[in-house]
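Data block below; observations after.
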Amino acid sequence: MTASLHQDWRQQPIRPERIMASGFLALILLGGLLLSLPIASATGKSIGLFNSFFTATSAVCVTGLVTVDTGTTLSLFGQIVLLLLIQTGGLGFMIFATLVMVLLGRRISLKNRVMIRESMSAATLSGLIRLSLWYGGMALCIELAGAALLSLRFVPLYGWGKGLYYSLFHAVSAFCNAGFDLFGHFSSLTGFIHDPLVVLTVSMLILLGGLGFSVMFECIHCHHDFRRLSLHAKLVLTVSLGLLVVGTLGFLLLERSNPATLGAEGMSFGDKLLNAFFQSVTLRTAGFNTIDLGAMRESSKLWSVILMFIGASPASTGGGIKTTTFFVVMLSVIATVRQRQDYNYHHRRLAEGLVKRALALATLALSLVIMDTVVISAIEYWSGGQENMVDILFEVVSAFGTVGLSTGITAGLHDVAKFMLIITMFCGRVGLLTVSMALSGGGNKASAVRYPEDRMMVG
(Lines give C-alpha, C1' and ligand atoms only; values in the text may rest on other atoms or scores of the structure.)
Protein backbone atom coordinates (compact mmCIF):
# COMPACT_ATOMS: atom_id res chain seq x y z
CA MET A 1 0.00 0.00 0.00
CA THR A 2 2.85 2.37 0.88
CA ALA A 3 4.49 1.68 -2.47
CA SER A 4 1.20 2.36 -4.24
CA LEU A 5 0.75 5.68 -2.45
CA HIS A 6 4.33 6.63 -3.27
CA GLN A 7 3.73 5.78 -6.92
CA ASP A 8 0.50 7.78 -6.99
CA TRP A 9 2.30 10.76 -5.46
CA ARG A 10 5.07 10.55 -8.06
CA GLN A 11 2.56 10.31 -10.88
CA GLN A 12 0.81 13.50 -9.79
CA PRO A 13 1.87 16.51 -11.88
CA ILE A 14 3.76 19.23 -10.05
CA ARG A 15 1.27 22.03 -9.77
CA PRO A 16 2.33 25.66 -10.42
CA GLU A 17 1.19 26.85 -7.00
CA ARG A 18 3.45 24.31 -5.28
CA ILE A 19 6.45 25.42 -7.31
CA MET A 20 5.72 29.09 -6.57
CA ALA A 21 5.37 28.48 -2.84
CA SER A 22 8.50 26.31 -2.82
CA GLY A 23 10.44 28.95 -4.76
CA PHE A 24 9.63 31.70 -2.26
CA LEU A 25 10.43 29.34 0.63
CA ALA A 26 13.81 28.39 -0.88
CA LEU A 27 14.65 32.07 -1.39
CA ILE A 28 13.77 32.82 2.25
CA LEU A 29 15.96 29.94 3.49
CA LEU A 30 18.91 31.09 1.36
CA GLY A 31 18.49 34.71 2.46
CA GLY A 32 18.17 33.68 6.11
CA LEU A 33 21.40 31.67 5.96
CA LEU A 34 23.30 34.56 4.33
CA LEU A 35 21.99 37.10 6.85
CA SER A 36 22.97 34.80 9.74
CA LEU A 37 26.66 34.94 8.73
CA PRO A 38 28.90 37.12 10.95
CA ILE A 39 29.91 39.12 7.86
CA ALA A 40 26.29 40.27 7.52
CA SER A 41 26.37 41.95 10.94
CA ALA A 42 27.83 45.40 11.64
CA THR A 43 29.44 44.06 14.81
CA GLY A 44 30.94 40.94 13.20
CA LYS A 45 28.74 38.77 15.42
CA SER A 46 25.78 36.89 13.94
CA ILE A 47 22.37 38.43 14.58
CA GLY A 48 21.04 34.91 15.22
CA LEU A 49 19.16 32.42 13.05
CA PHE A 50 15.70 33.49 14.17
CA ASN A 51 16.28 37.19 13.52
CA SER A 52 17.94 36.31 10.20
CA PHE A 53 15.03 34.24 8.94
CA PHE A 54 12.48 36.79 10.18
CA THR A 55 14.33 39.54 8.29
CA ALA A 56 14.71 37.36 5.17
CA THR A 57 10.99 36.53 5.19
CA SER A 58 10.12 40.18 5.61
CA ALA A 59 12.42 41.12 2.70
CA VAL A 60 11.33 38.39 0.27
CA CYS A 61 7.69 39.03 1.13
CA VAL A 62 8.42 42.79 0.75
CA THR A 63 6.85 43.49 4.14
CA GLY A 64 9.32 45.54 6.16
CA LEU A 65 8.57 44.27 9.67
CA VAL A 66 11.87 43.91 11.54
CA THR A 67 13.13 42.54 14.82
CA VAL A 68 16.52 44.28 14.48
CA ASP A 69 17.34 47.78 13.29
CA THR A 70 18.39 47.45 9.63
CA GLY A 71 20.46 50.62 9.47
CA THR A 72 22.62 49.96 12.52
CA THR A 73 22.63 46.16 12.80
CA LEU A 74 23.47 44.98 9.28
CA SER A 75 26.82 45.50 7.58
CA LEU A 76 27.16 46.62 3.97
CA PHE A 77 27.19 42.94 2.93
CA GLY A 78 24.01 42.29 4.92
CA GLN A 79 22.32 45.36 3.44
CA ILE A 80 23.19 44.30 -0.12
CA VAL A 81 21.83 40.79 0.55
CA LEU A 82 18.69 42.42 1.92
CA LEU A 83 18.41 44.66 -1.16
CA LEU A 84 18.67 41.65 -3.51
CA LEU A 85 16.01 39.79 -1.52
CA ILE A 86 13.72 42.82 -1.73
CA GLN A 87 14.24 43.16 -5.49
CA THR A 88 13.67 39.45 -6.12
CA GLY A 89 10.60 39.34 -3.89
CA GLY A 90 9.18 42.52 -5.41
CA LEU A 91 9.49 41.38 -9.01
CA GLY A 92 8.49 37.84 -8.15
CA PHE A 93 11.10 35.12 -8.19
CA MET A 94 9.82 33.66 -11.49
CA ILE A 95 10.16 36.98 -13.34
CA PHE A 96 13.56 37.51 -11.72
CA ALA A 97 14.63 33.98 -12.69
CA THR A 98 13.45 34.62 -16.26
CA LEU A 99 15.62 37.72 -16.50
CA VAL A 100 18.63 35.76 -15.21
CA MET A 101 18.05 32.86 -17.64
CA VAL A 102 17.73 35.26 -20.58
CA LEU A 103 20.97 37.01 -19.61
CA LEU A 104 22.72 33.63 -19.35
CA GLY A 105 21.30 32.47 -22.70
CA ARG A 106 19.36 29.58 -21.14
CA ARG A 107 16.33 28.06 -22.86
CA ILE A 108 13.04 28.60 -21.04
CA SER A 109 10.98 25.41 -21.02
CA LEU A 110 7.20 25.09 -21.28
CA LYS A 111 6.98 24.25 -17.56
CA ASN A 112 8.84 27.47 -16.73
CA ARG A 113 6.50 29.43 -18.98
CA VAL A 114 3.51 28.04 -17.07
CA MET A 115 5.13 29.17 -13.82
CA ILE A 116 5.74 32.62 -15.25
CA ARG A 117 2.12 32.87 -16.36
CA GLU A 118 0.91 32.00 -12.86
CA SER A 119 3.24 34.49 -11.18
CA MET A 120 2.16 37.27 -13.57
CA SER A 121 -1.54 36.35 -13.46
CA ALA A 122 -1.43 36.28 -17.26
CA ALA A 123 -4.20 34.75 -19.37
CA THR A 124 -2.03 33.03 -22.02
CA LEU A 125 1.49 31.75 -22.58
CA SER A 126 1.96 33.96 -25.62
CA GLY A 127 4.64 36.66 -25.36
CA LEU A 128 5.45 35.94 -21.71
CA ILE A 129 9.22 36.17 -22.07
CA ARG A 130 9.07 39.49 -23.89
CA LEU A 131 6.60 40.76 -21.30
CA SER A 132 8.85 39.62 -18.43
CA LEU A 133 11.78 41.51 -19.95
CA TRP A 134 9.60 44.57 -20.35
CA TYR A 135 8.47 44.35 -16.71
CA GLY A 136 12.05 44.00 -15.51
CA GLY A 137 13.22 46.92 -17.65
CA MET A 138 10.31 49.09 -16.51
CA ALA A 139 11.04 48.33 -12.85
CA LEU A 140 14.72 49.22 -13.34
CA CYS A 141 13.89 52.52 -15.07
CA ILE A 142 11.40 53.55 -12.37
CA GLU A 143 13.81 52.66 -9.56
CA LEU A 144 16.69 54.58 -11.19
CA ALA A 145 14.44 57.61 -11.77
CA GLY A 146 13.36 57.49 -8.12
CA ALA A 147 16.97 57.14 -6.98
CA ALA A 148 17.94 60.18 -9.08
CA LEU A 149 15.24 62.30 -7.42
CA LEU A 150 16.13 61.10 -3.91
CA SER A 151 19.81 61.81 -4.57
CA LEU A 152 18.95 65.51 -4.81
CA ARG A 153 18.30 65.36 -1.07
CA PHE A 154 20.51 62.50 0.16
CA VAL A 155 23.77 63.46 -1.60
CA PRO A 156 23.92 66.92 0.06
CA LEU A 157 23.11 65.28 3.40
CA TYR A 158 25.40 62.22 3.30
CA GLY A 159 27.97 62.86 0.57
CA TRP A 160 28.28 61.26 -2.88
CA GLY A 161 28.99 57.64 -1.96
CA LYS A 162 26.59 57.18 0.93
CA GLY A 163 24.03 59.52 -0.63
CA LEU A 164 23.83 57.60 -3.92
CA TYR A 165 23.72 54.28 -2.08
CA TYR A 166 20.93 55.49 0.20
CA SER A 167 19.03 56.84 -2.82
CA LEU A 168 19.19 53.53 -4.68
CA PHE A 169 18.35 51.40 -1.63
CA HIS A 170 15.29 53.42 -0.65
CA ALA A 171 14.08 53.74 -4.26
CA VAL A 172 14.14 49.94 -4.64
CA SER A 173 12.58 49.48 -1.20
CA ALA A 174 9.80 51.95 -2.05
CA PHE A 175 8.99 50.61 -5.53
CA CYS A 176 8.95 47.04 -4.24
CA ASN A 177 6.68 48.21 -1.41
CA ALA A 178 9.13 46.78 1.14
CA GLY A 179 9.54 49.71 3.53
CA PHE A 180 13.07 48.90 4.75
CA ASP A 181 15.21 51.93 5.57
CA LEU A 182 18.84 52.59 6.53
CA PHE A 183 18.40 55.69 8.69
CA GLY A 184 18.70 53.72 11.91
CA HIS A 185 16.86 53.58 15.24
CA PHE A 186 13.63 52.41 13.54
CA SER A 187 13.09 56.00 12.41
CA SER A 188 11.97 55.31 8.80
CA LEU A 189 11.18 58.70 7.14
CA THR A 190 10.24 60.60 10.30
CA GLY A 191 13.21 62.91 9.71
CA PHE A 192 11.70 64.07 6.41
CA ILE A 193 8.19 64.90 7.60
CA HIS A 194 8.51 68.47 6.23
CA ASP A 195 10.33 67.47 3.00
CA PRO A 196 7.97 67.29 -0.03
CA LEU A 197 10.74 66.03 -2.34
CA VAL A 198 11.40 62.87 -0.31
CA VAL A 199 7.78 62.29 0.71
CA LEU A 200 6.31 62.72 -2.79
CA THR A 201 9.08 60.75 -4.54
CA VAL A 202 8.65 57.79 -2.20
CA SER A 203 4.86 58.10 -2.57
CA MET A 204 5.04 57.92 -6.37
CA LEU A 205 7.37 54.90 -6.23
CA ILE A 206 4.97 53.12 -3.87
CA LEU A 207 1.94 53.93 -6.03
CA LEU A 208 3.60 52.70 -9.23
CA GLY A 209 4.78 49.51 -7.57
CA GLY A 210 1.33 48.87 -6.12
CA LEU A 211 -0.59 49.32 -9.39
CA GLY A 212 0.70 46.15 -10.99
CA PHE A 213 2.97 45.69 -14.00
CA SER A 214 0.12 44.81 -16.35
CA VAL A 215 -1.78 48.01 -15.53
CA MET A 216 1.33 50.14 -16.02
CA PHE A 217 1.95 48.39 -19.34
CA GLU A 218 -1.58 49.16 -20.52
CA CYS A 219 -1.40 52.79 -19.37
CA ILE A 220 1.84 53.36 -21.30
CA HIS A 221 0.51 51.77 -24.48
CA CYS A 222 -3.02 53.20 -24.48
CA HIS A 223 -1.81 56.47 -26.08
CA HIS A 224 -3.84 58.60 -23.63
CA ASP A 225 -7.06 56.95 -24.76
CA PHE A 226 -8.25 55.35 -21.54
CA ARG A 227 -11.23 53.82 -23.29
CA ARG A 228 -8.78 51.29 -24.72
CA LEU A 229 -7.90 50.02 -21.26
CA SER A 230 -9.08 46.57 -20.21
CA LEU A 231 -11.77 46.14 -17.59
CA HIS A 232 -9.10 45.03 -15.11
CA ALA A 233 -7.02 48.18 -15.63
CA LYS A 234 -10.06 50.48 -15.34
CA LEU A 235 -11.12 48.74 -12.15
CA VAL A 236 -7.63 48.92 -10.59
CA LEU A 237 -7.22 52.63 -11.39
CA THR A 238 -10.72 53.54 -10.19
CA VAL A 239 -10.52 51.64 -6.90
CA SER A 240 -6.93 52.77 -6.22
CA LEU A 241 -7.81 56.43 -6.76
CA GLY A 242 -10.92 56.12 -4.60
CA LEU A 243 -9.05 54.47 -1.74
CA LEU A 244 -6.28 57.05 -2.01
CA VAL A 245 -8.69 59.98 -1.69
CA VAL A 246 -10.82 58.39 1.03
CA GLY A 247 -7.71 57.27 2.95
CA THR A 248 -6.19 60.75 2.84
CA LEU A 249 -9.37 62.49 4.01
CA GLY A 250 -9.99 59.88 6.72
CA PHE A 251 -6.50 60.14 8.13
CA LEU A 252 -6.56 63.95 7.98
CA LEU A 253 -9.85 64.12 9.89
CA LEU A 254 -8.81 61.57 12.53
CA GLU A 255 -5.28 62.84 13.24
CA ARG A 256 -5.35 66.56 12.43
CA SER A 257 -5.66 67.54 16.12
CA ASN A 258 -3.39 64.83 17.58
CA PRO A 259 -0.34 66.67 19.01
CA ALA A 260 1.78 63.52 18.66
CA THR A 261 1.18 63.16 14.90
CA LEU A 262 -0.40 65.60 12.44
CA GLY A 263 -1.34 68.10 15.14
CA ALA A 264 2.25 68.62 16.27
CA GLU A 265 3.50 72.15 16.79
CA GLY A 266 4.88 73.69 13.60
CA MET A 267 2.76 71.53 11.27
CA SER A 268 1.13 73.71 8.64
CA PHE A 269 -2.02 72.61 6.85
CA GLY A 270 0.15 71.79 3.81
CA ASP A 271 2.34 69.53 5.96
CA LYS A 272 -0.73 67.86 7.44
CA LEU A 273 -2.21 67.22 3.98
CA LEU A 274 1.14 65.98 2.64
CA ASN A 275 1.63 63.48 5.45
CA ALA A 276 -2.00 62.36 5.47
CA PHE A 277 -1.60 61.65 1.76
CA PHE A 278 1.63 59.76 2.46
CA GLN A 279 -0.03 57.65 5.15
CA SER A 280 -2.86 56.80 2.77
CA VAL A 281 -0.27 55.69 0.20
CA THR A 282 2.06 53.77 2.50
CA LEU A 283 -0.79 51.93 4.23
CA ARG A 284 -1.44 50.22 0.88
CA THR A 285 1.51 47.85 1.58
CA ALA A 286 4.61 50.08 1.58
CA GLY A 287 5.82 50.20 5.19
CA PHE A 288 7.44 53.66 5.39
CA ASN A 289 6.17 56.17 7.91
CA THR A 290 6.72 59.87 8.57
CA ILE A 291 4.91 59.99 11.94
CA ASP A 292 4.98 57.92 15.12
CA LEU A 293 2.41 55.21 14.44
CA GLY A 294 2.35 54.10 18.06
CA ALA A 295 1.07 57.57 19.00
CA MET A 296 -1.92 57.40 16.66
CA ARG A 297 -5.43 57.32 18.06
CA GLU A 298 -7.20 53.98 18.26
CA SER A 299 -9.67 55.06 15.58
CA SER A 300 -6.78 55.87 13.21
CA LYS A 301 -5.19 52.49 13.85
CA LEU A 302 -8.45 50.74 12.96
CA TRP A 303 -8.79 52.94 9.86
CA SER A 304 -5.24 51.90 8.94
CA VAL A 305 -6.13 48.23 9.43
CA ILE A 306 -8.91 48.51 6.82
CA LEU A 307 -6.59 50.08 4.23
CA MET A 308 -3.80 47.55 4.92
CA PHE A 309 -6.22 44.63 4.65
CA ILE A 310 -7.30 45.74 1.16
CA GLY A 311 -3.72 46.29 0.03
CA ALA A 312 -2.40 46.81 -3.48
CA SER A 313 -3.45 45.44 -6.88
CA PRO A 314 -2.88 42.02 -8.50
CA ALA A 315 0.48 41.29 -10.19
CA SER A 316 2.05 44.14 -8.20
CA THR A 317 4.80 44.31 -5.60
CA GLY A 318 2.23 44.65 -2.78
CA GLY A 319 0.02 42.33 -0.74
CA GLY A 320 -3.40 42.33 0.94
CA ILE A 321 -6.54 40.83 -0.52
CA LYS A 322 -6.02 43.23 -3.47
CA THR A 323 -8.14 46.08 -4.78
CA THR A 324 -9.94 43.93 -7.34
CA THR A 325 -10.92 41.34 -4.74
CA PHE A 326 -12.32 44.08 -2.50
CA PHE A 327 -14.36 45.51 -5.39
CA VAL A 328 -15.73 42.14 -6.51
CA VAL A 329 -16.78 41.29 -2.94
CA MET A 330 -18.54 44.68 -2.61
CA LEU A 331 -20.17 44.17 -6.02
CA SER A 332 -21.47 40.75 -4.99
CA VAL A 333 -22.91 42.20 -1.77
CA ILE A 334 -24.68 44.98 -3.70
CA ALA A 335 -26.02 42.50 -6.26
CA THR A 336 -27.33 40.22 -3.49
CA VAL A 337 -29.03 43.10 -1.66
CA ARG A 338 -30.65 44.24 -4.92
CA GLN A 339 -31.67 40.63 -5.67
CA ARG A 340 -29.72 40.51 -8.93
CA GLN A 341 -28.28 37.27 -10.23
CA ASP A 342 -25.60 38.84 -12.44
CA TYR A 343 -22.55 40.86 -11.33
CA ASN A 344 -22.25 43.72 -13.83
CA TYR A 345 -19.59 46.42 -14.18
CA HIS A 346 -18.89 48.74 -17.14
CA HIS A 347 -21.40 46.89 -19.33
CA ARG A 348 -19.64 43.59 -18.60
CA ARG A 349 -20.85 40.60 -16.58
CA LEU A 350 -18.30 39.13 -14.19
CA ALA A 351 -17.89 35.36 -14.26
CA GLU A 352 -19.45 33.51 -11.31
CA GLY A 353 -16.19 31.62 -10.75
CA LEU A 354 -14.38 34.94 -10.32
CA VAL A 355 -16.85 36.06 -7.66
CA LYS A 356 -16.50 32.73 -5.82
CA ARG A 357 -12.70 33.08 -5.88
CA ALA A 358 -12.88 36.63 -4.48
CA LEU A 359 -15.28 35.58 -1.70
CA ALA A 360 -13.08 32.59 -0.83
CA LEU A 361 -9.97 34.76 -0.66
CA ALA A 362 -11.62 37.42 1.50
CA THR A 363 -13.00 34.76 3.86
CA LEU A 364 -9.63 33.00 4.19
CA ALA A 365 -7.86 36.31 4.78
CA LEU A 366 -10.31 37.45 7.43
CA SER A 367 -10.14 34.06 9.15
CA LEU A 368 -6.33 34.15 9.20
CA VAL A 369 -6.23 37.68 10.61
CA ILE A 370 -8.75 36.90 13.36
CA MET A 371 -7.05 33.63 14.32
CA ASP A 372 -3.58 35.19 14.44
CA THR A 373 -4.79 38.16 16.48
CA VAL A 374 -6.52 35.95 19.06
CA VAL A 375 -3.61 33.50 19.37
CA ILE A 376 -0.91 36.20 19.57
CA SER A 377 -2.97 38.10 22.17
CA ALA A 378 -3.21 34.92 24.24
CA ILE A 379 0.53 34.25 23.89
CA GLU A 380 1.39 37.80 24.97
CA TYR A 381 -1.00 37.53 27.95
CA TRP A 382 0.51 34.24 29.11
CA SER A 383 4.07 35.52 28.67
CA GLY A 384 3.40 38.73 30.60
CA GLY A 385 3.26 41.09 27.60
CA GLN A 386 1.48 44.45 27.81
CA GLU A 387 0.41 44.92 24.18
CA ASN A 388 -3.26 45.67 23.59
CA MET A 389 -5.54 44.00 21.08
CA VAL A 390 -5.64 46.93 18.63
CA ASP A 391 -1.82 47.06 18.35
CA ILE A 392 -1.66 43.30 17.82
CA LEU A 393 -4.40 43.47 15.17
CA PHE A 394 -2.45 46.28 13.48
CA GLU A 395 0.71 44.14 13.47
CA VAL A 396 -1.06 41.04 12.11
CA VAL A 397 -2.79 42.89 9.28
CA SER A 398 0.47 44.68 8.50
CA ALA A 399 2.15 41.29 8.14
CA PHE A 400 -0.65 39.81 6.02
CA GLY A 401 -0.86 42.88 3.78
CA THR A 402 2.97 42.84 3.48
CA VAL A 403 2.85 46.46 4.65
CA GLY A 404 5.52 46.42 7.32
CA LEU A 405 4.19 49.32 9.38
CA SER A 406 4.41 48.78 13.11
CA THR A 407 3.30 50.49 16.28
CA GLY A 408 6.66 49.45 17.74
CA ILE A 409 5.76 46.10 19.30
CA THR A 410 7.33 43.65 16.82
CA ALA A 411 10.74 43.34 18.47
CA GLY A 412 9.18 42.78 21.91
CA LEU A 413 6.80 40.00 20.90
CA HIS A 414 7.27 36.41 22.04
CA ASP A 415 9.21 34.20 19.60
CA VAL A 416 6.12 32.06 18.96
CA ALA A 417 4.18 35.23 18.03
CA LYS A 418 7.03 36.29 15.73
CA PHE A 419 6.94 32.87 14.05
CA MET A 420 3.22 33.31 13.43
CA LEU A 421 3.98 36.65 11.81
CA ILE A 422 6.52 34.89 9.56
CA ILE A 423 3.81 32.49 8.36
CA THR A 424 1.39 35.38 7.91
CA MET A 425 3.89 37.36 5.81
CA PHE A 426 4.51 34.32 3.63
CA CYS A 427 0.79 33.73 3.08
CA GLY A 428 0.25 37.41 2.34
CA ARG A 429 2.95 37.59 -0.33
CA VAL A 430 2.55 34.22 -2.04
CA GLY A 431 -1.23 34.40 -1.79
CA LEU A 432 -3.62 32.58 0.53
CA LEU A 433 -5.32 30.71 -2.30
CA THR A 434 -1.95 29.73 -3.76
CA VAL A 435 -0.73 28.44 -0.39
CA SER A 436 -4.02 26.64 0.27
CA MET A 437 -4.00 24.95 -3.13
CA ALA A 438 -0.31 24.07 -2.74
CA LEU A 439 -1.04 22.29 0.55
CA SER A 440 -4.20 20.58 -0.70
CA GLY A 441 -3.92 17.19 -2.31
CA GLY A 442 -6.89 17.57 -4.61
CA GLY A 443 -6.86 18.67 -8.19
CA ASN A 444 -9.37 20.13 -10.56
CA LYS A 445 -11.55 17.05 -10.66
CA ALA A 446 -15.28 16.93 -11.27
CA SER A 447 -17.28 15.01 -8.70
CA ALA A 448 -18.56 11.63 -9.87
CA VAL A 449 -21.76 12.14 -7.94
CA ARG A 450 -24.02 15.18 -8.06
CA TYR A 451 -26.38 15.34 -5.10
CA PRO A 452 -29.90 16.77 -5.20
CA GLU A 453 -30.27 20.45 -4.41
CA ASP A 454 -31.70 21.55 -1.08
CA ARG A 455 -32.32 24.83 0.74
CA MET A 456 -31.61 26.25 4.18
CA MET A 457 -32.21 29.53 5.95
CA VAL A 458 -29.42 32.11 5.63
CA GLY A 459 -29.40 35.56 7.25
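Observations on the model:
- Test for T402: is it modelled with pLDDT under 90, closer than 24 Å to F53 by Cα and within 17 Å of the chain's Cα centre (by Cα): yes
- Single unsatisfied condition, G250 versus (1) within 21 Å of A174 (Cβ to Cβ); (2) in contact with a Phe, Trp or Tyr (Cβ under 6 Å, 6 or more places away or on another chain); (3) not β-branched (V, I, T): (1)
Yes or no, residue by residue, for (1) under 20 Å from the mean Cα position of the chain (by Cα); (2) buried (at least 19 other Cβ atoms within 10 Å of the Cβ); (3) assigned to a loop (DSSP other than H, G, I, E, B); (4) at pLDDT 80 or above:
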| site | (1), (2), (3), (4) |
| --- | --- |
| A360 | yes, no, no, yes |
| L366 | yes, no, no, yes |
| S377 | no, yes, no, yes |
| G385 | no, no, yes, no |
| S406 | yes, yes, yes, yes |
| T424 | yes, yes, no, yes |
| V449 | no, no, yes, no |
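- Considered as a group, the residues in segment 32-54 that are of a type outside the set (G, A, S) and under 21 Å from S187 (Cα atoms) include one that is surrounded by the most Cβ atoms within 10 Å (Cβ to Cβ), and that residue is F54.
- Residue satisfying all of: in segment 296-319; of a type in the set (G, A, S) and at pLDDT 90 or above; farthest from the chain's Cα centre (by Cα) among these: S299
- Every residue from segment 221-237 that is in contact (Cβ under 8 Å) with a residue 12 or more places away in the chain, surrounded by fewer than 20 Cβ atoms within 10 Å (Cβ to Cβ) and either in a helix (DSSP H, G or I) or β-branched (V, I, T) (or both): L231, H232, K234, L237
- Any hit, segment 207-216, residues being among the aliphatic types (A, V, I, L, M) and farther than 22 Å from G136 by Cβ: no
- Among the residues of segment 150-199, the one identified as free of Cβ contacts under 8 Å to residues at least 60 places away in the same chain, β-branched (V, I, T) and surrounded by fewer than 17 Cβ atoms within 10 Å (Cβ to Cβ) is V155.
- Test: residue in segment 55-62 that is surrounded by fewer than 23 Cβ atoms within 10 Å (Cβ to Cβ), more than 18 Å from A174 (Cβ to Cβ) and of a type outside the set (S, T, N, Q): no
- Contact map, segment 303-331: residues that are touching a residue at least 60 places away in the same chain (Cβ under 8 Å) paired with residues that are among the charged types (D, E, K, R) and outside any helix (DSSP H, G or I), Cβ distance under 7 Å, separation 6+ or inter-chain. Pairs shown: L307/R284; G311/R284; G311/K322; A312/R284; A312/K322; S313/K322; P314/K322; G318/R284.
- Residue in segment 150-172 that is of a type in the set (V, I, T), within 22 Å of the chain's Cα centre (by Cα) and over 21 Å from S75 (Cα atoms) present: no
- Residue in segment 269-283 that is within 22 Å of the chain's Cα centre (by Cα), under 24 Å from G191 (Cβ atoms) and part of a loop (DSSP other than H, G, I, E, B) present: yes
- The residues of segment 238-280 that are surrounded by fewer than 17 Cβ atoms within 10 Å (Cβ to Cβ) and polar (S, T, N, Q), listed by number, are T238, S257, N258, S268.
- When K418 is tested against (1) in a helix (DSSP H, G or I); (2) more than 20 Å from T55 (Cβ to Cβ); (3) of a type outside the set (S, T, N, Q), just one condition goes unmet, and that condition is (2).
- Tally of residues being surrounded by fewer than 10 Cβ atoms within 10 Å (Cβ to Cβ) and in a helix (DSSP H, G or I) across segment 334-358: 2
The values are calculated or read from the model by the stated rules, or taken from the named source; none is laboratory data. A quick note: this is a predicted structure, and the numbers were derived from the prediction, not measured. Positions of Cβ are generated from backbone atoms using ideal geometry, with glycine treated the same way; all protein chains shown enter the neighbour counts.
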